[in-house]
Amino acid sequence: MVTLDRLVNVLGGYGARLWCCPVSREVALRDVVMHDAADPRDLRGDVFLAVGTDSIATAVDLAVAAHASVVLVRGSAPDERAESGAVAVLLVDPDVSWGQLAGVVYGLVLEGRETESGRGPTDLFALADSLADALGNAVTIEDRLSRVLAYSSRQHLADRARLETILGRRVPEPVRDLFERRGVFGHLAESDEPLFVEADSEHGLTGRMVVAVRAGRELLGSIWVECDRPLTDARRVVLRDSSRTVGLHLLRSRASADLERQVESDLVIRLVEGTPDAAAVLSRLGLPPGRFRVIALQAHIGDERHAALLLAFERATTGFGWSRPGRSTLFSNTVYTVLPGDDVEAARAWVRSIREALPRQVTMLAGIGAGAASAELPASRLEADECLALHAVRSGTKSAIAYDEAWDDILVQRLRAAAASGRAPARGPITELRRHDSANATSYVATLRAWLEAQGDLAEAAERLEVHPNTIRYRLRKMAEVTELRLDQPAKRLAMIIELAVSDPAP
C-alpha cells in the first residue's frame, strides 16, 4: 500500500512540492486518474493528475469531484481559494514533463495497490502462495543474505527450521552453516537448476528444494520449497520458471526502493550540511518538528569496506515513512541518519537494531551527535563524525560513542589536531621539562602531570606514581630550578594541564 506521505517524499525529487494538505498524510492511495478535457466520463481516483487545467482552483474542483485525496497541478503562485477543497495539493514545477511525472506516479501507486485479499498484484507473499498451491508444499522467498522476503500461508507439516526462519525473519545461523558446509550457497551462486537439500533431524530440517533467483548474472535471492523428497520433473520446471517471475518482482521492488532512497538521501544531505529551509526539508521527509540526533555509521568486513557499508545503508533505509523512525543517506564512506528525539539511549537502541540485522562477520562502528534543533543538525553531524573517530583512540570499543559522554575527549582531540598543525607553543615549561627528562633520564613531566591531575594533593600524586610524597616535593623543587612553573597561578596550571593532555595522552 502506498500512502500520501510516501508519494510526497518521492515526488519531492521530481520538482513537485506539497502546498497544502487538509487530509492525513497516511491516507492510502490505490488508483490514479488523469484529466482529459475531451473525455466526458466521470473520473474517480485517489490521485488526480490535473493535466491541462487553467488554474489551481479548477484542478482542485475536478479532484474533489473525482473523490481524490491529492491533486497534482502545475503552478507556482497558489490560489488561496483552493485551500478549502479538502484535497492535498502538490504543485508541479513547469520544467517537469507530465510524461515523466505520470510514469513515477503510476509506478508507485499501482505497484503498491492492494487486491481484495489484502495483497498487491506484485506482492511476493501472493507469489509465494500461488507457488505453494502449484507445488503442494510450503514456500519461502529469501534474499541473498538468507533474510526472509515472503512466505506462503501454507503451514501444513512445517518443520522447526521453517518456523524459526519465519519468526526470526532470517535463516538461523546453525542452519545457514549447515547449508554452507553442504555447498548449497556455492550451487546457488553458479547454477540455475533446482537443488535438493537432504533432511537433518538435528537442525529440525525435513528437506528442501531450492532454486536461485537472478537478474542476468546477479544473484538476487532464492526460493525454498519444503519437501521430504526431490520434486518431480514437472514440478521442478514450475519452480525453475517461477524463479524468473520472482526475479522480475525483486527488480521492481529494488528499483522502487532505490528511487525513494535517492530522494531521501539527497534531502538528508541538505539537512546535515545546512540549509535555510530545514523545516521544509524535514516536512518533505515526513519527520515531525522537534529535536533530533545525527548518527554516523561505518561498517566493514575485514579489509572490504564497500559491501558491508551498503548493507548497513540498505538496513537503515528498509521500510518507508512511518515504518522506521529515521531518515538516512550514504555519503562518502559513512551512513548518516537523522533520528527524531533527544534520548541518547533511544539512539543507541537504534544503532543496536542495525548491528543485529547485519551478518555477524560485519564490524560496525557508530558515533552519536548531541541533540539538536533542525538548524543545528550540521553541528550534530560534526559531533557524530568526531565520536566515530574516537573509536580509533578507544581501541576495542564496539558500542556507539555519544557526544553527551565523550565531549571532553572530543575537545582534547580538537586541541591535538590544532597542535599537529603547528599551533601549539614551541617553547614553555612543559617543553623545557621534557627536554630535561630526555637529557637526564628524570621523570619531571610525569610528576608534574600527576600533581596537576591530583589538584596539588601530594599523597594522591605519590600514590599514582608509586613513590613517597617527599619524592614529589623534592622533584617539584628541582623542576623550579629547570624552568619557571608558577604553580601558584591557576591560569598557568590550567594551561599546563591542557598542553599535557594534548601532547602526552594519558596511558
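Cα-Cα pairs above 17 Å in segment 358-467: how many percent? Summing the P(r) tail past 17 Å for segment 358-467 gives 70 percent. Extent of segment 161-256 along its three principal axes (Cα atoms, max minus min coordinate, largest first): 39, 31, 22 Å. Given +1 at the Cβ of Lys and Arg, -1 at the Cβ of Asp and Glu and no other charges, the dipole of segment 280-421 around its Cα centre is 340 debye to the nearest 20.
Packing, as the average of other Cβ atoms within 10 Å across residues, places the peptides 341-348, 260-267 in the order 260-267, 341-348, highest first.
Positive end of the dipole of the chain (Cβ unit charges, origin at the Cα centre): among 468, 458, 446, the Cα lying farthest that way belongs to 468. Taking amide H atoms as placed 1.01 Å from N in the peptide plane, the amide H of residue 213 lies under 5 Å from those of 220, 221, 222, 223, each 5 or more residues away in sequence or on another chain. The residue list 410, 430, 392 was ranked by how far each Cα lies along the charge dipole of segment 363-436 toward its positive end, using unit charges on Cβ atoms, and 430 comes out on top.
Would you please classify the overall shape of segment 330-381 from the alpha carbon gyration tensor, given that a ≥ b ≥ c denote the square roots of the eigenvalues, rounded means a/c under 1.5, and beyond that prolate means a/b larger than b/c while oblate covers the rest? Since a/c reaches 1.5 but b/c is at least a/b, the shape of segment 330-381 is classed as oblate. The loop-placed chymotrypsin sites (Phe, Trp or Tyr not before Pro) in segment 151-221, going by DSSP, include none that has at most 16 neighbouring Cβ atoms within 10 Å of its Cβ. In this Cβ point-charge picture (+1 for Lys and Arg, -1 for Asp and Glu), the chain has a dipole of about 1240 debye about its Cα centre. The distance between label points at residue 191 and residue 441 comes to 7.2 nm (points 7 Å beyond Cα on the Cα→Cβ vector). Working ranking of peptides 8-16, 199-207 by packing, defined as the average number of other Cβ atoms within 10 Å per residue, highest first, is 8-16, 199-207. Charge tally for residue 456 (other residues, Cβ to Cβ under 12 Å; Lys, Arg +1; Asp, Glu -1): -2. By the gyration tensor of its Cα atoms, with a ≥ b ≥ c the square roots of the eigenvalues, what is the shape of the chain: rounded for a/c under 1.5, prolate for a/b over b/c, or oblate? It comes out oblate by the Cα gyration axes. Angle of helix 377-389 to the longest C-alpha principal axis of the chain, folded into 0 to 90 degrees and rounded to 10: 70°. The residue among 87, 338, 365 whose Cα reaches farthest toward the positive pole of the charge dipole of the chain, with charges on the beta-carbon of Lys, Arg, Asp and Glu, is 365.
If you model segment 423-507 as an ellipsoid using its alpha carbon gyration tensor, with each semi-axis the square root of five times an eigenvalue, the axes come out at 19, 15, 13 Å, biggest first. If you wrap the Cα atoms of segment 194-248 in a convex hull and average its projected area over all directions, you get 3.9 nm².
Report, to the nearest whole %, how much of the accessible area of the chain belongs to carbon and sulfur atoms, 1.4 Å probe, protein only. Roughly 52 percent of what the probe reaches on the chain is carbon or sulfur.
Counting only protein heavy atoms and a 1.4 Å probe, the chain has 50 square angstrom of accessible area per residue.
Along segment 393-400 the Karplus relation, 6.51 cos²θ - 1.76 cosθ + 1.60 evaluated at θ = phi - 60°, assigns HN-Hα couplings of 7, 8, 4, x, 7, 9, 6, 5 Hz to successive residues, with x for each Gly and Pro.
The values are calculated or read from the model by the stated rules, or taken from the named source; none is laboratory data. Just so we're clear, the structure is a prediction, and the values are computed from it rather than from any experiment. All Cβ positions, even for glycine, are placed from backbone atoms using ideal geometry, and neighbour counts span all protein chains on display. For the accessible areas, the whole protein counts, side chains as well, though only heavy atoms, and no ligand, DNA or RNA atoms are used. Shrake-Rupley method; radii C 1.70, N 1.55, O 1.52, S 1.80 Å.
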